[in-house]
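Participant: Sharing a structure, written as structure tokens. Questions coming.
The values are calculated or read from the model by the stated rules, or taken from the named source; none is laboratory data. This is a predicted model, so every value here is computed, not measured. As a convention, Cβ positions derive from the backbone with ideal geometry for all residues, glycine included, and neighbour counts pool all protein chains shown. Protein only, heavy atoms only, side chains kept; ligands, DNA and RNA dropped before computing areas. Shrake-Rupley method; radii C 1.70, N 1.55, O 1.52, S 1.80 Å.
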Amino acid sequence: MPNRTLAQYLFLLVLVAPHHLEAASACKQPIAKVASAQGRVDVQGYGKPGWQGIHREDPLCPGDRLRTARWSRATLNLNSGAVLTVDQNTTMTFSMPAPQENAPSWFINLLDGTLFSRSRQPQRLDINTPFINAVHKGTEFMVTVSRQKAEISVFDGQVSGQNSAGKITIGKGQKGIAEAGKPPRVQALKITPEDAVQWMLYYPPIIDDTHAGVADSQLNPAFAAYRQGDSQLALARLEDIPASQQNPSYLTLKAALLLTVGRVDEAQPLIRQARQLEPNNSAAYALQAIIAVALNQHQAALDNANQAAAANPSSAAAKIAQSYAHQALFNIDQALKATHEATRLTPGNALAWARLSELQLSQGDHAAALESAHKAQALNPKLARTQTILGFADLAETETGAAKQAFQQALALDSSDPLARLGLGLAKIRQGDLEEGKAELETAVNLDPNNAVIRSYLGKAHYELRDKGYAGTEFEIAKAMDPKDPTPWFYDAILKQTTNRPVEALHDMQEAIRLNGNR
């Protein structure tokens, strides 16, 4: 596994509860399953009056209505193989009509909000909205519905749209727009796909909660909720603090919590406000660095992280941000140095020890990595990252069964972390279950669609399943997302050689070697 995979990316299965049993018995043939749920995600069963919360592994049945609250999101696996990610403040229903043209049809009624859909498999998925109905057969796109209009943004493949006033075909890099009573129209996407899906990206956590109450005791309730893994409750507790008391510490903590649920659009103004109040605010620079890491803006990430460390040399968060920025540029030694400094500055910081374990394992130092992971776990048993690192350590020692159990435990603690899902997929593939492993990697991509390395592994899984066209698509997307990453070039070289394209294969292998520093 390349160094960068483990360092850049990192639920045990949800315990069976009475609600879970009720949901599972709601229908004999569910059409989807919950892969990840953050915040408050509710479902209303068909013909039932009330709403109930849902969790990972819960089924969704024809006629069910799903809704996400503020600061919430969910990722769903359709039985067809498609993966959907649903943004906050979204309401939708599910149905599965009779098969048409020898292929199953899947209908989703998106009443309001936003969903992102990915599928490489040939299938028919209809997204019905109040303004336009969208149909695709294997592509990558996003649909947003407001009170005034619906928008369909296509990042790969093609989508057809139709309403009573006309039809459109929306290609890659285009957006379809439909309003009530007007023919739909097509225009070029004015923002990059990476910018369009920022609400879906995974922003590595850097919050240091070891000093809770030392500088600002009003933040203690939010810190307590965060330590229990409940970012939404932490955010709700911050909402109770009056505006007159919202100082830079409040602003940067809230911004950091918002990033854990993908709300970069809400976090950025808070970061700017903190810097206006305190121009040399270290935490604000560190958070800006993490955002740049997620967007593959590597030099900007390092510049911001260095400014964070210069502004406050005693900040563990700044050192952790530096480690991610150095890692993104493949400077593993500097990443390790920064993380060692974070553990020295705050010996009780579980996140810093988990990060150190991550980097130690990426260099093959299994004994040190396990020691650091156990240290992190002792400091905060609810930190999912420690279970993820233990899983990769077991995987490196070919203890695949133990690795799967660790990844499942990590997902039980944090179902939104793509690294645990990546690890679970690799473990299943190692056991020979390629289809199940690929499905886990598909979910991992939806949990962080801007992650070039995970897309590369997904492409490799498609290649192993002899879906060479799908493999090539993932490799090309990964190359465009992170031009400095050698992984997709390496795997694409193998693909091209097996498809009798030796000159292109040689070019890709040479590029992989150049990007990897001849390692």
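Participant: If you check ASN296 against the conditions, is it closer than 26 Å to PRO449 by Cα and assigned to a loop (DSSP other than H, G, I, E, B)?
Facilitator: For ASN296, the condition - closer than 26 Å to PRO449 by Cα and assigned to a loop (DSSP other than H, G, I, E, B) - is met.
Participant: Okay, moving on. Please verify whether PRO2 is modelled with pLDDT under 95, open to solvent by less than 80 Å² (accessible area, probe 1.4 Å), touching a Pro at 6+ places or on another chain (Cβ under 7 Å) and of a type outside the set (Gly, Ala, Ser), treating the condition exactly as stated.
Facilitator: It is false that PRO2 is modelled with pLDDT under 95, open to solvent by less than 80 Å² (accessible area, probe 1.4 Å), touching a Pro at 6+ places or on another chain (Cβ under 7 Å) and of a type outside the set (Gly, Ala, Ser).
Participant: Would you call THR443 of a type in the set (S, T, N, Q) and in contact with a Lys or Arg (Cβ under 7 Å, 6 or more places away or on another chain)?
Facilitator: The answer is yes for THR443.
Participant: What residue, among those in region 375-397 that are closer than 25 Å to TYR226 by Cα and more than 24 Å from the chain's Cα centre (by Cα), is least open to solvent (accessible area, probe 1.4 Å)?
Facilitator: Among those residues, the one meeting the criterion is LEU379.
Participant: Out of (1) modelled with pLDDT of 90 or more; (2) open to solvent by less than 10 Å² (accessible area, probe 1.4 Å); (3) more than 17 Å from ALA335 (Cβ to Cβ); (4) assigned to a helix (DSSP H, G or I), what's the single condition that is false for SER372?
Facilitator: With (1) modelled with pLDDT of 90 or more; (2) open to solvent by less than 10 Å² (accessible area, probe 1.4 Å); (3) more than 17 Å from ALA335 (Cβ to Cβ); (4) assigned to a helix (DSSP H, G or I) applied to SER372, the lone miss is (3).
Participant: Select, from ALA196, ALA188, ALA215, ALA178, the only residue that is among the small types (Gly, Ala, Ser), open to solvent by 10 Å² or more (accessible area, probe 1.4 Å) and at pLDDT 90 or above.
Facilitator: Working: ALA196 fails: at pLDDT 90 or above; ALA215 fails: at pLDDT 90 or above; ALA178 fails: open to solvent by 10 Å² or more (accessible area, probe 1.4 Å).
From the options ALA196, ALA188, ALA215, ALA178, the qualifying one is ALA188.
Participant: May I ask you to list pairs of residues, at least six apart or on different chains, whose Cβ atoms are under 6 Å apart, with the first in region 434-455 being farther than 17 Å from SER117 by Cα and the second being polar (S, T, N, Q) and surrounded by 24 or more Cβ atoms within 10 Å (Cβ to Cβ)?
Facilitator: Partner pairs satisfying both residue conditions: VAL453/THR487.
Participant: Moving on to the next point. When region 271-286 is examined, which residues are found to be farther than 20 Å from LEU336 by Cβ and surrounded by 21 or more Cβ atoms within 10 Å (Cβ to Cβ)? Can you show your working first?
Facilitator: To start, the set of residues in region 271-286 that are farther than 20 Å from LEU336 by Cβ comprises 271-285.
Result: ILE271, ALA274, ASN281, SER282, ALA283, ALA284, TYR285.
Participant: Kindly list, by first and then second residue, each pair from a residue in region 152-172 that is part of a strand (DSSP E or B) to a residue that is open to solvent by less than 50 Å² (accessible area, probe 1.4 Å) and of a type in the set (Phe, Trp, Tyr), limited to pairs with Cβ atoms under 7 Å and residues at least 6 apart or on different chains.
Facilitator: Short answer, once both residue conditions are applied: ILE152/PHE141; SER153/PHE141; VAL154/PHE141; PHE155/PHE141; VAL159/PHE141; ASN163/PHE131.
Participant: Right, another one. Going by the structure shown, is LEU336 farther than 24 Å from GLU194 by Cα, open to solvent by 30 Å² or more (accessible area, probe 1.4 Å) and of a type in the set (A, V, I, L, M)? Can you show your working first?
Facilitator: On the way: farther than 24 Å from GLU194 by Cα: yes; open to solvent by 30 Å² or more (accessible area, probe 1.4 Å): no; of a type in the set (A, V, I, L, M): yes.
Spelling it out, it is not the case that LEU336 is farther than 24 Å from GLU194 by Cα, open to solvent by 30 Å² or more (accessible area, probe 1.4 Å) and of a type in the set (A, V, I, L, M).
Participant: Return the residues of region 412-441 that are of a type in the set (A, V, I, L, M), more than 17 Å from ASN79 (Cα to Cα) and open to solvent by less than 10 Å² (accessible area, probe 1.4 Å); say none if nothing qualifies.
Facilitator: Scanning region 412-441 gives LEU419, ALA420, LEU422, LEU424, ALA427.
Participant: Moving to a separate point now. Check whether at least one residue in region 93-104 is modelled with pLDDT of 85 or more, among the hydrophobic types (A, V, I, L, M, F, W, C) and open to solvent by 10 Å² or more (accessible area, probe 1.4 Å), and report yes or no.
Facilitator: The answer is no; no qualifying residue exists.
Participant: Yes or no: ASN163 out of contact with any Cys (no Cβ under 6 Å at 6 or more places or on another chain) and more than 23 Å from ASN349 (Cα to Cα)?
Facilitator: For ASN163, the condition - out of contact with any Cys (no Cβ under 6 Å at 6 or more places or on another chain) and more than 23 Å from ASN349 (Cα to Cα) - is met.
Participant: Further question: Within region 27-73, track down each residue that is outside any strand (DSSP E or B), buried (at least 20 other Cβ atoms within 10 Å of the Cβ) and of a type in the set (A, V, I, L, M, F, W, C).
Facilitator: ILE31, ILE54, CYS61, TRP71
Participant: Quick one: ASP265 ticks every box in (1) buried (at least 16 other Cβ atoms within 10 Å of the Cβ); (2) closer than 25 Å to GLY39 by Cα except a single one, so which number is it?
Facilitator: So the condition that ASP265 fails would be (1).
Participant: While we're looking at this one, here's another question. Name every residue in region 287-309 that is in contact with a Lys or Arg (Cβ under 9 Å, 6 or more places away or on another chain) and open to solvent by less than 20 Å² (accessible area, probe 1.4 Å), in order of residue number.
Facilitator: Hits for region 287-309 are HIS298, ALA305, ALA308, ALA309.
Participant: When you scan region 173-202, how many residues do you find that are assigned to a loop (DSSP other than H, G, I, E, B) and under 16 Å from THR85 (Cα atoms)? Explain how you work it out, then say what you get.
Facilitator: Residues of region 173-202 that are assigned to a loop (DSSP other than H, G, I, E, B), as a first pass: 173, 180-184, 189-192, 197, 201-202.
Retained after the next criterion (residues that are under 16 Å from THR85 (Cα atoms)): 197, 201-202.
Within region 173-202, residues that are assigned to a loop (DSSP other than H, G, I, E, B) and under 16 Å from THR85 (Cα atoms) number 3.
Participant: Let me ask you something else. Specify which of the listed residues (PRO242, PRO248) is surrounded by 17 or more Cβ atoms within 10 Å (Cβ to Cβ) and either modelled with pLDDT of 90 or more or over 24 Å from PRO449 (Cα atoms) (or both).
Facilitator: PRO248
Participant: Among the residues of region 349-367, how many are open to solvent by less than 40 Å² (accessible area, probe 1.4 Å) and either outside any helix (DSSP H, G or I) or at positive phi (or both)?
Facilitator: The number of residues fulfilling the criteria is 1.
Participant: Here is a follow-up. Could you give every pair whose Cβ atoms fall below 8 Å, whose first residue belongs to region 20-40 and is modelled with pLDDT under 90 and of a type in the set (D, E, K, R), and whose second residue is surrounded by fewer than 19 Cβ atoms within 10 Å (Cβ to Cβ) and not in a loop (DSSP other than H, G, I, E, B), counting only separations of at least 6 or pairs across chains?
Facilitator: So the pair list comes out as GLU22/GLN52.
Participant: Something else now. Among all residue pairs at least 6 apart or on different chains, which show Cβ distances below 8 Å where the first residue, located in region 478-495, is outside any helix (DSSP H, G or I) and the second is among the β-branched types (Val, Ile, Thr) and modelled with pLDDT of 85 or more?
Facilitator: Here the result reads ASP482/VAL453; ASP485/VAL453; PRO486/ILE513, each pair linking region 478-495 to a residue that is among the β-branched types (Val, Ile, Thr) and modelled with pLDDT of 85 or more.
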